[in-house]
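The values are calculated or read from the model by the stated rules, or taken from the named source; none is laboratory data. Please read these numbers as outputs of a predicted model, since none were measured by experiment. So basically every Cβ, Gly included, is an ideal-geometry build from the backbone, and we count neighbours across all protein chains shown. Protein only, heavy atoms only, side chains kept; ligands, DNA and RNA dropped before computing areas. Shrake-Rupley method; radii C 1.70, N 1.55, O 1.52, S 1.80 Å.
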Amino acid sequence: MDPRRRPARTAFGALPGVVRLLVGTQLAFNVGFFMVVPYLAVHLATDLALAGGLVGLVLGLRTFSQQGLFVIGGTLADRWGAKPVVLAGCALRVAGFLLLGAAGSLAGVLAGALLTGFAAALFSPAVESALAREAGELPPGGPTRADVFAMFAVSGQVGTVVGPPAGAALLLVDFGLACTVAAAAFVLIGLAHLRWLPRRAAAHADEPVLVGWGEVLRNRRFLVFAAGYSGYLLCYNQLYLALPVELERGTGGQAALGWLFALAAVLVIAGQVPITRWARRRPVEQPLVLGFGLMAAAFLVVALALPAAPAGVWPAVGFVVLLTAGQMLAGPVAQALVPVLAAERRLGAYFGVLASAGGLAVLVGSTAVGALLDVAVAPPVVAWLVLAAVPLVSAAVIGALARRGALRG
């Protein structure tokens with residue numbers, strides 16, 4: 001059998017140990033994360049009696065300290081190597097979770113939230129850059145970078161399925177126990193990386209940080225790609241912002257939200273690897289443009305359903321299926337393309353800039369979308385049409401790069 005066509009579990013087992021560690025890391029990260037963070041807002045509002053504005057502030061700062069600062073973690077990974085940055089991120093995540101579990105004041109909660117966010121800003125780009133480097137050295141005829149990133153995505157989705165029910169069971173005791181168990185999980189993750197992640201020499205250890213940032217900022221084709229691809233994270237974020245609004249409109253409540261998240265996870269677990277195998281046999285721009293096209297179709301499904309009488313949960317189901325399919329097509333292909341656009345240099349900084357561009361898009365875009373979803377501001381269809389335009393613009397940008405030959409090494 002062609003090794004590239006093996007079932008996902010077999011292909012994973014055939015990977016070198018360090019690649020299996022990095023892929024499995026995403027599962028462990030997400031289990032620990034989703035034990036705590038989905039329940040943080042309820043803990044803040046109910047247990048600590050914080051006002052809604054303060055709850056929003058804490059959650060917003062946590063997201064910003066993570067997504068907005070990825071470029072810092074990526075730059076440090078280039079300068080120090082991935083291993084120490086991953087270990088530092090694990091240590092900060094342990095401290096952050098323990099502080100969140102013990103904090104009884106706004107100051108303590110803010111400190112814990114910022115620590116947990118910045119921890120991910122350290123270890124996520126370090127892990128992604130290490131994975132890209134290790135996957136790029138796999139022998140020809142085996143899994144490609146895109147295949148490995150597809151397994152990485154599947155691993156993460158398994159973690160998002162396992163983490164919330166584990167956290168819910170621990171919350172039957174209290175929030176502090178969930179935080180303590182999550183912190184223990186990151187202790188184990190850190191020990192595994194201390195033992196098995198090799199300490200590779202950092203290629204840019206002796207160079208000033210600004211030299212690396214300057215190199216990234218001079219790479220115009222990468223910056224254009226990052227700007228186009230930033231719509232990906234904004235689209236994904238609508239599972240948390242626009243989808244609950246549509247469920248409220250279509251069904252009168254949000255009881256189906258958990259089931260729809262589970263549907264998205266099952267689609268990724270079952271379909272990500274075969275879809276990526278199909279995608280990598282095409283020119284690189286095809287799965288990217290098609291993926292963003294499917295994301296646009298996801299928003300249009302809801303926009304077309306809005307003028308009619310409430311159709312129950314079905315527009316939301318169509319939205320989740322199409323959005324997830326688009327992400328499965330575009331995500332691993334785009335991540336595998338980053339080292340090509342970076343000429344295999346400063347992968348930490350490049351992955352960090354890509355993530356931070358997405359974080360900025362979410363910060364700006366979701367603020368605008370949130371306003372448009374208010375029926376006092378605009379008819380509901382406006383927000384969904386604006387959202388449909390975002391991935392169409394992304395597809396146009398990536399298509400233009402491809403026509404100029406800018407997506408080739």
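How big is the dipole moment of the chain about its Cα centre under a simple scheme where the beta carbon of each Lys and Arg is +1, that of each Asp and Glu is -1, and everything else is neutral? Debye, nearest 20, please. Please report the intermediate quantities before stating the final value.
On the way: 27 positive and 16 negative charges, 275 e Å.
My answer is approximately 1320 debye.
Roughly how many nanometres apart are two label points built 7 Å out from the Cα toward the Cβ at Arg345 and Leu59?
Going from the Arg345 label point to the Leu59 one covers 4.2 nm.
What does the helix-only formula give at 222 nm for the chain: each DSSP H stretch with n ≥ 4 adding -39500 (n - 2.57), the total divided by the residues, and the result rounded to the nearest 500 deg cm²/dmol?
-26000 deg cm²/dmol
Provide the net charge surrounding Gly74, with neighbours chosen by a C-beta distance below 12 Å and charges set as Lys +1, Arg +1, Asp -1, Glu -1.
Result for the neighbourhood of Gly74: 0.
Computed from the coordinates I sent, Rg and Dmax of the Cα atoms in Å equals one of (1) 22.1, 80; (2) 20.7, 64; (3) 21.0, 80. Tell me the label.
(2)
With the Cα gyration tensor of region 325-370 giving a ≥ b ≥ c as the square roots of its eigenvalues, does the rule (a/c under 1.5 for rounded; else a/b larger than b/c for prolate; else oblate) give rounded, prolate or oblate? Don't jump to the answer; show the numbers that get you there.
Working: a/c = 4.42, a/b = 1.54, b/c = 2.87.
Oblate, because a/c is 1.5 or more while a/b does not exceed b/c.
Sticking with the crude label model, points 7 Å out along Cα→Cβ, report the distance from Tyr240 to Asp47 in nm, one decimal please.
1.9 nm
I'd like the carbon and sulfur percentage of the solvent accessible area for the chain, probe radius 1.4 Å, heavy atoms only, ligands and nucleic acids excluded.
Details: 11820 of 16990 Å².
The C+S portion of the solvent-accessible surface of the chain is 70 percent.
Lys and Arg at +1, Asp and Glu at -1: add these up for the other residues within a Cβ distance under 11 Å of Leu197 and post the number. Don't skip to the answer; put the middle values down first.
On the way: positive: Lys83, Arg195, Arg199, Arg200; negative: Glu134.
With Lys, Arg at +1 and Asp, Glu at -1, the neighbours total +3.
Which residue, Pro332, Pro244, Pro16, has the most motion in a Gaussian network model of the chain that connects Cα atoms within less than 10 Å?
Result: Pro16 has the largest fluctuation of those listed.
Per-residue HN-Hα couplings for region 107-124, Karplus 6.51 cos²θ - 1.76 cosθ + 1.60 at θ = phi - 60°, whole Hz, x for Gly and Pro?
So the Karplus estimates, Gly and Pro as x, are 4, x, 5, 4, 4, x, 5, 5, 5, 5, x, 5, 4, 5, 5, 7, 7, 5 Hz.
Convert 25 °C to kelvin, take the viscosity as 0.890 mPa s, use the Kirkwood radius over C-alpha pairs of region 71-118 as Rh, and evaluate the Stokes-Einstein diffusion coefficient in µm²/s, rounded to a whole number.
Rounded, D is 218 µm²/s.
Which of Gly271, Gly331, Gly13 moves most in a GNM of the chain, Cα contacts under 10 Å?
Ranking Gly271, Gly331, Gly13 by mean-square fluctuation puts Gly13 first.
Which length gain, in nm to one decimal place, applies between Leu363 and Ala406 when the Cα-Cα distance is subtracted from 0.36 nm times their residue separation?
12.7 nm
Points 7 angstrom from Cα along the Cβ direction at Trp213 and Ala255: gap in nanometres?
5.2 nm
Compare Val364, Val377, Val36 in a GNM of the chain, Cα atoms joined below 10 Å, and give the one with the largest fluctuation.
Answer for the Gaussian network model of the chain: Val377.
Say the dipole of the chain comes from +1 at the beta carbon of Lys and Arg and -1 at that of Asp and Glu; which of Phe175, Ala361, Leu61 then lies farthest toward its positive end?
Value: Ala361.
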